[in-house]
Every structure is written in C-alpha cells, then in structure tokens.
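Visitor: Provided herewith is a single structure, encoded as structure tokens, for subsequent inquiry.
Any read-out appearing in this document is the output of simple, stated calculations on the displayed coordinates, not a laboratory observation. This one's a predicted model, so the numbers in the text were calculated from it and none came from an experiment. Here the Cβ positions follow ideal geometry from the backbone for every residue, glycine too, while neighbour counts run over all protein chains shown.
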Amino acid sequence: MSDDAMLAIRASFFEECEELMESLQDALALLERGGDGETVNVIFRAVHSIKGGAGAFGLGDLVAFAHRFETVLEALRSGRIEPTGGAVRLFFQCADLLHDHVRAAAAGAAAPEGAGAVLLALEALMPLGPPRADEPAEFTPLSLDFGAVFGDPAAPESIEVTEPPVWRIDFRPHPRLYTTGNEPLLVLRALAALGQADILCNAPPDLELSGASAETPMLSWQIELTGDVTEADIREVFDFVTDLADISIRPLDVPGNRAALAAHPPDAGSNVVPLPAAASRIEHNPAPLTTPVPLPRPEPDAAPPAPATVRVDLDRVDRMMNLVGELVINQAMLAQSVADAGLAENGAVAAGLEEFLTLTRDIQDSVMMIRAQPVKPLFQRMARVIREASAGLGKTVRLLTEGEATEIDKTVIERLSDPLTHLVRNAVDHGIEMPHQRLAAGKPAQGTITLSAAHRAGRVLIEIADDGVGIDRARVRALAVGRGLVAENAQLSDAEIDNILFAPGFSTAAGVSALSGRGVGMDVVRSAITALGGRVTVSSEPGAGTRLSLSLPLTLAVLDAMVVRVAGQTLSCPSRRSSKPWCSRPPMSAASAARPRSCMSAAICCRSSILARSWVSVRAGPQGPTGSRS
Amino acid sequence: MGLRILAVDDSRTIRDLLAATLSAAGMDVTLAEDGVEGLEMLRRMGRPDAILSDINMPRLDGFGFIHAVREIDPMRAVPILVLTTESAPELKTRAREAGATGWIVKPFDPERLVHSIRKVTG
C-alpha cells in the first residue's frame with residue numbers, strides 16, 4: 001500500500017475518533033441519567049475502537065491511555081463496578097482526556113499531561129484495585145510496514161551443510177475441529193510446505209468413506225517432517241487448532257528411526273494407510289453456489305441501517321462551492337445584461353431567466369447543505385467547558401441542549417467555538433451563583449445552562465441562557481457612567497443598559513470581573529460574532545438569569561452584495577453587512593433606494609463605518625440590487 | 001481469481017486498513033459494519049473463501065454473527081477468523097464455541113494477516 005493510502009486511512013481514523021468521541025459523550029450523558037446495558041456497550045465500543053485503530057498506527061500513548069480506560073469500562077460492563085454519580089464524573093473526565101490524547105496524536109504532539117491522576121482515581125473504582133503500574137498493555141502497538149507484504153523475494157536459501165532435523169508429529173483432530181471451519185488437509189499441506197513430509201493416515205479398520213460424516217473424526221495422522229525448521233515453526237502451523245486436536249511434536253534426529261516409525265505404528269489396532277499423494281482424497285471445495293443462500297432474518301427490532309454516506313475531501317466541496325459562486329454571479333450578470341438590452345419584456349426570455357435564477361439558487365443551497373454540519377459536537381465541547389469551569393468554582397451546573405441537529409456552515413461552527421466558550425464560561429463564572437446562594441434565593445442548588453440552536457428566517461439563532469443571578473443593572477450603569485460611556489442623566493432602557501456590556505470601553509475596564517453579572521471580554525465576543533456576519537444581543541431578568549442570543553448567517557461562502565457607482569467608481573457592499581443606504585435630504589427609505597437610477601445625497605454605511613458620502617447613483621435591477629461577490 | 005473475503009468490523013479505520021491490505025494482496029474484499037450487515041452481505045455474495053469478524057460490534061456482535069453463519073448450511077465450513085484486540089482466553093473460548101476457526105489479534109501485522117488467511121483457505 002502506498003504511503004498516500006496509509007496517510008488517508010490515518011486521517012480517516014482521526015475523523016472516526018471524533019465521531020466516536022461524540023457517541024461516547026452522548027452515551028455518558030445517557031448513563032448519567034440511568035442508561036441501560038446497551039449504553040455501557042456503546043461507551044465500551046467507542047473506547048475500544050479508538051484503541052484498536054490507534055494500535056494500527058503505532059500511537060503508543062493513545063493506546064496505553066485507551067487501554068486503561070477500557071479495562072475499567074470492561075469492569076463496568078461486567079457489573080463489577082456501579083455507574084454511581086462519582087464514577088460517571090470520572091468517566092467524563094477520562095473521555096475528555098481521551099479526546100486530548102486523540103488530538104495530541106493527530107497533531108503529532110506529546111501526550112497531554114495530568115492524565116495519570118485521573119486514571120488512578122478511575123482505577124480505584126475497580127474492586128481489586130488498580131493494576132500494577134508496570135503491567136503492559138495486552139498487546140504491543142506495532143507500526144505497519146505494508147511494503148513487506150509482497151515486496152521481498154524469499155529469504156536466501158540456507159547454505160548449511162549439516163543434515164536437517166527430522167520431526168515426528170502426531171495429529172489427532174477432535175470433533176470440534178471440523179465444526180469451526182478448520183481443515184486437516186490444509187494443516188498437512190502447510191507442514192508439507194516446511195520440508196519433506198511423509199504423511200501416514202491412521203484409519204479405523206471398519207472405515208467406510210462413503211458413509212462417514214466429515215464431522216465425526218475417524219482419522220489421525222503421523223507426519224515425519226525433514227526440514228530446517230524449529231519446533232516453533234511447526235507449532236505455528238497448528239496455532240489455530242491447538243485446542244481442537246491432540247498434537248505432539250518431537251525431534252527424531254536419528255535418521256534410522258524413520259524406518260522404525262514405519263515399522264511400528266503407534267496405534268496397533270488400526271490400519272495404516274500410506275498417503276503418498278497426501279490427503280488428495282479429502283473433498284475440500286464444495287461446489288460453488290449458484291443460488292442465493294437462505295439466511296436467518298435479523299432481529300425484527302434491529303435498528304435500521306445508518307443512512308448511506310460518502311466521505312468527500314473538503315477541498316472538493318470548496319471547489320464546487322466556488323464554482324457555484326461563479327455561477328450565481330454569472331446568472332446575475334446575465335440577468336442584468338438581458339435587462340439592459342431591453343429583453344426582459346420578452347416573456348420566453350424572462351421565464352427562462354426566472355427558472356435559471358431558481359435553479360442557481362437551489363444549487364447554491366444544496367451545495368451549502370453539503371458544508372453544513374450539526375452544532376452537536378460544538379455543544380458537546382461546551383459540556384466539557386461547563387464541567388471544568390464549575391468544578392473549579394465549587395458550583396454544580398447542568399447543561400441542557402436544544403436543537404443539536406441544527407446545521408450551520410462548517411466554517412461558522414469552527415469560528416463559533418471560541419466566542420461560545422467565552423460566553424459559557426462567563427455564564428458559569430458570573431451568572432450561576434454558589435449552591436448556598438441559590439438555595440437562599442429559593443432556587444435548586446444545581447444551576448442550569450441551556451444551549452439552543454434553531455433556524456430562524458434564513459439565519460441560525462444560538463442562545464445561551466442561564467438561571468443565575470442576572471445582570472445587576474444599577475452597577476452596570478454606575479460603572480458605565482464612571483467610565484464616561486454614558487451621561488449621568490441619560491435615560492436608558494433596561495435593554496440599553498444590558499447592551500452596555502458589549503461596549504469596548506466597558507468590558508476591558510479593570511475590576512469588572514468581580515461584577516456579579518457579565519462583562520469580561522464581551523466586546524471580543526461581539527467582534528468575533530460580527531466578523532462572522534452575526535449579531536449578538538443580551539437580555540436579563542434580575543435574579544432569574546441571563547440570555548445571550550447569537551444570530552448567525554447560514555453560510556459565509558456566497559454573499560449578496562449591493563453594487564453602488566459613486567463618482568465614477570464602482571463599490572460593492574455585502575448587502576447583509578451594510579446598513580441601508582441613507583441620506584439626509586430628501587429622507588429615503590430602503591424601498592426607494594432600490595428604485596433604479598435614483599440620485600440622492602447619500603452615505604453608504606458598511607461595517608459601522610462610512611464608506612462613501614456623495615451624490616450617489618444607486619443602480620438596481622428588477623430583482624433588487626445587483627448580486628455580486630464580496 | 002483472488003480469494004473472496006468478507007470483513008466485518010464496526011471501526012471504519014479497521015475496515016479501511018483491511019480493505020487496503022487485502023486488496024493489495026490480490027483479494028476481493030467485501031466489507032460490513034456489524035453482524036447484521038455481515039449476514040446481509042453473505043446473503044448477497046454467497047459463500048466467501050473466508051470471513052474476518054470483529055467481536056465488539058453493535059446490533060449483532062461477533063459471537064452472534066459467527067454462530068448465525070454456522071447455522072447456514074453452505075457456510076458451516078467457511079473459515080472464520082476473529083479480529084480482536086482481546087487476547088483474553090475466555091474470549092477465545094467463546095469465539096471457539098460460536099464456531100471461530102482462528103483469530104488475529106489487532107493491531108494486525110499485514111503480512112501475518114495475509115498469511116493467516118492463506119493458512120485457513122489453502
């Protein structure tokens with residue numbers, strides 16, 4: 001196998017690890033709420049599969065960690081340990097560490113530190129205590145060298161001139177040998193391949209081959225093997241049948257003994273049938289099947305097979321995405337040219353263009369769906385953030401998730417990770433109160449953070465809600481006034497006060513971290529979300545909690561833009577980032593901006609900055625502003 | 001014609017490795033993700049020259065799968081090698097009771113894997 005193929009399988013292994021980690025997290029969450037035997041099986045299999053694949057690539061640290069985790073899970077599976085709350089928490093920690101190991105292995109980095117203590121705590125759950133630290137994993141990881149499979153010719157022949165040893169082998173199969181798909185003929189052939197084999201078959205005197213059942217063993221064999229082989233070489237031939245036959249192997253290095261063997265067969269009562277042509281009489285290959293084989297039906301309640309999927313290199317999807325982008329542009333330009341040429345009135349042309357537009361947009365949507373991924377893995381990462389943040393603060397917090405299957409563009413998901421982590425950590429840190437404070441406020445000791453995702457009007461809405469203390473508006477206002485962000489006598493609504501949290505001058509101010517609301521780094525969060533073309537808003541009810549809402553575009557790949565010609569220059573603004581064009585005189589609505597060839601004194605505002613201020617000629621086609629690439 | 005092999009394993013990585021290794025050895029590989037799919041593949045493909053099967057699998061595990069294969073008359077003598085990271089004796093015993101021909105301990109060495117298959121197929 002080529003190195004490329006090997007690298008591809010390795011990359012695929014790490015992808016599979018991510019999927020396995022996802023199912024591991026799901027199953028652990030289920031186990032936390034009770035679960036059943038299958039839940040434990042899923043957990044076990046996930047860790048087991050990671051270990052198995054890691055072994056194939058010689059990832060020793062990952063194998064070693066997964067092996068110790070798996071050993072404890074095996075005890076869980078066999079009922080030797082109970083899934084108590086404490087045990088499940090340790091499993092979660094181990095799962096997180098396993099994930100770290102997977103990522104370290106993928107990056108070729110050193111194994112993460114600090115795993116030992118958690119593993120020891122985990123192993124302490126075992127009834128017999130932890131295994132010896134020096135106990136090796138049950139197999140040694142081994143790197144694969146696929147070149148070795150076929151490349152090399154046979155080893156050079158031995159040039160030894162001494163007489164090769166002679167071995168005497170007795171082989172008497174048990175009935176089970178025949179019912180496990182093993183075949184004495186193949187064993188005999190393999191022995192014959194080791195050197196010069198003289199094979200004697202012992203058959204009972206009354207043997208009738210025609211009536212004999214293949215599964216009732218009546219034959220046994222004595223083999224005299226002359227060849228430059230060791231006992232281990234011979235044992236290797238038998239290694240699948242050692243428990244299915246009586247086998248004895250001993251050296252006969254006196255050549256004269258060969259005659260003695262022939263003269264004195266060990267089974268005095270049986271005929272000795274010499275088989276010079278080996279066991280060619282044994283029928284080996286059944287006739288090929290020409291009809292489908294009837295099979296027992298699978299369990300009727302078995303789960304339906306998973307939906308068929310194809311794994312595609314992301315580069316290919318991106319290339320398709322780019323081409324679709326060009327297609328969308330091309331379609332828009334064509335529509336514009338047709339309109340300019342006065343052909344838009346032609347019914348057939350207009351209808352054809354209309355259909356072209358619909359198809360183009362459908363293709364665009366379909367390709368975007370390929371890039372779309374569910375938010376679930378992202379939410380699962382937040383579960384870990386919450387576990388770690390709350391454990392450090394002595395709080396107990398549970399995570400509820402809604403709409404995990406909601407799909408967003410892969411890039412958006414990737415870039416959402418940091419801001420979301422920040423918001424979730426803030427919620428634990430500043431939103432959720434200490435257990436005694438919660439009890440005093442008449443709330444359950446355990447706080448709740450709810451992460452939800454949903455599609456809303458062509459965008460994705462992600463909300464992070466906590467049932468904590470809420471925003472202390474009096475303090476926020478006082479601090480904002482103190483920092484000169486708000487005039488002392490300003491009339492501010494609750495919502496306006498809440499949104500002061502995002503103001504750069506406010507959130508970077510020292511000392512705010514002690515505020516029992518929010519505020520640290522919120523401007524950073526807002527910048528990150530804005531950079532994604534999103535919006536973030538906050539709402540809060542004192543004493544009852546805080547809710548942050550992120551509204552995000554479904555994709556970043558293709559944007560609609562408004563093209564504006566200003567003083568001989570052509571400008572294009574992404575239409576969802578630019579605010580509406582506005583003007584001082586005469587006042588203009590968004591609708592009038594779309595009217596073709598209207599002239600006005602206007603400013604184009606994009607990303608909160610004024611882009612152009614001039615006499616502007618806004619040119620728009622019948623479908624609105626001309627689509628273009630950003 | 002190369003040997004026709006059915007390989008059943010729930011790990012995509014292991015399936016990929018098996019497919020690559022066995023194809024490189026000139027074998028004709030059919031893959032299945034678990035015992036249920038393995039049985040379905042057998043129904044479609046008829047008798048293979050050998051079967052490789054994992055033990056820990058969802059829906060129908062290796063023990064159940066091997067047992068079911070041995071219940072199918074034309075499959076009673078098909079060599080079945082168990083692919084497993086377990087080397088615990090009781091697992092071998094259980095696999096044997098179900099009708100396993102032999103075993104290959106993962107991570108498998110490609111050369112040994114091919115050798116083991118040739119050993120049970122002749």
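Visitor: Long-range amide H contacts for A:A203: which residues qualify at under 5 Å (H placed 1.01 Å from N, peptide plane, sequence gap of 5 or more or a different chain)?
Guide: A:N271, A:V273
Visitor: Among the listed pairs A:K51/A:K376; A:K376/B:K106; A:K51/B:K92, which are separated by more than 27 Å between their Cα atoms?
Guide: Violating the 27 Å limit, Cα to Cα: A:K376/B:K106.
Visitor: In sequence order, what are the phi-derived ³J(HN,Hα) couplings for the range A:521-538 according to the Karplus relation 6.51 cos²θ - 1.76 cosθ + 1.60 with θ = phi - 60°, rounded to whole Hz, with x for glycine and proline?
Guide: Couplings: x, 5, 5, 5, 4, 5, 4, 5, 5, 5, 4, 8, x, x, 10, 10, 10, 10 Hz.
Visitor: Which residues does a label at A:R311 reach in the range A:11-27, if reach means a backbone N under 16 Å from a point 7 Å past the Cα toward the Cβ?
Guide: Counting backbone N atoms under 16 Å from the label point, the list is A:11-23.
Visitor: For chain B, state the average projected area of the convex hull of the C-alpha atoms over all orientations, rounded to one decimal in nm².
Guide: Here the figure is 6.6 nm², rounded to one decimal.
Visitor: In whole angstrom, how far apart do the alpha carbon centroids of the range A:401-476 and the range A:314-358 sit?
Guide: Cα centroid of the range A:401-476 versus Cα centroid of the range A:314-358: 42 Å apart.
Visitor: Just to confirm my numbers, what's the Cα centroid distance between the range B:1-32 and the range B:46-60 in Å?
Guide: Measuring centre to centre over Cα atoms gives 11 Å.
Visitor: Turning to a different aspect of this structure: Mind checking the full-extension length gain between A:D365 and A:T242? Use 0.36 nm per residue of separation minus the Cα-Cα distance, one decimal, nm.
Guide: Extra length from A:D365 to A:T242 when fully extended: 38.1 nm.
Visitor: I want to make sure I understand the PRE zone here: with the label point 7 angstrom from the Cα of A:T570 toward its beta carbon, which residues in the range A:333-354 have backbone N atoms less than 17 Å away?
Guide: Under cut-off, by backbone N: A:333-341.
Visitor: Provide the per-residue ³J(HN,Hα) series for the range A:51-67, in order, calculated from phi with Karplus coefficients 6.51, -1.76, 1.60 and θ = phi - 60°, each as a whole number of Hz, with x at glycine and proline positions.
Guide: Once rounded to whole Hz, the list reads 4, x, x, 4, x, 5, 9, x, 8, x, 5, 5, 4, 4, 5, 4, 5.
Visitor: Can you tell me how the range A:367-502 classifies by the Cα gyration tensor, rounded, prolate or oblate, using a/c under 1.5 as the rounded cut?
Guide: oblate
Visitor: So for the range B:4-121: antiparallel DSSP bridges make up what percent, rounded to the nearest 5?
Guide: Once the DSSP bridges in the range B:4-121 are tallied, antiparallel ones form about 0 percent.
Visitor: Spin-label point model (7 Å from Cα, Cβ direction): what's the A:D318 to A:E404 distance in nm?
Guide: 2.9 nm
Visitor: Next question. Given +1 on the Cβ of Lys and Arg, -1 on the Cβ of Asp and Glu, and no further charges, what dipole in debye does the range B:4-121 carry about its Cα centre, rounded to the nearest 20?
Guide: Dipole magnitude for the range B:4-121 comes out near 360 debye.
Visitor: Once you have the Cα-Cα distance between A:A75 and A:T230, take 0.36 nm times their residue separation minus that, and quote the gain in nm to one decimal.
Guide: 51.8 nm
Visitor: Please list, in order along the range A:26-32, the HN-Hα scalar couplings obtained from phi with the Karplus expression 6.51 cos²θ - 1.76 cosθ + 1.60 (θ = phi - 60°), rounded to whole Hz, x for Gly and Pro.
Guide: Residue by residue, the range A:26-32 yields 4, 5, 5, 4, 5, 4, 4 Hz.
Visitor: Another one. Need the list of lysines near A:K395 for cross-linking: C-alpha distance under 19 angstrom, and skip anything on the same chain fewer than eight residues off.
Guide: Filter leaves A:K443.
Visitor: Based on the alpha-carbon set only, what is the convex hull volume of the range A:315-419 divided per residue, in Å³?
Guide: Taking only Cα atoms, the range A:315-419 has a hull volume of 128 Å³ per residue.
Visitor: Just B:L39, B:L83, B:L91 to compare: in a GNM of chain B, with alpha carbon springs under 10 Å, which one fluctuates most?
Guide: It is B:L91.
Visitor: Given labels modelled 7 Å from the Cα in the Cβ direction, how far is it in nm from A:A11 to A:M333?
Guide: Here the answer is 3.2 nm between the modelled labels.
Visitor: Moving to a separate point now. 7 Å from Cα along Cα→Cβ at both A:A110 and A:A350: what's the point-to-point distance in nm?
Guide: 7.2 nm
Visitor: Based on alpha-carbon atoms only, what is the radius of gyration of the range A:1-96 relative to the globular estimate 2.2 N^0.38 Å?
Guide: The reported ratio for this selection is 1.15.
Visitor: Under a Cβ-Cβ cut-off of 14 Å, what is the net charge of the residues other than A:L353 that fall near it, where Lys and Arg count +1 and Asp and Glu count -1?
Guide: -3
Visitor: Related question: For peptide A:66-75, what's the mean number of Cβ atoms from other chains within 10 Å of each residue's Cβ?
Guide: Mean shielding by partner chains, rounded to a whole number: 1.
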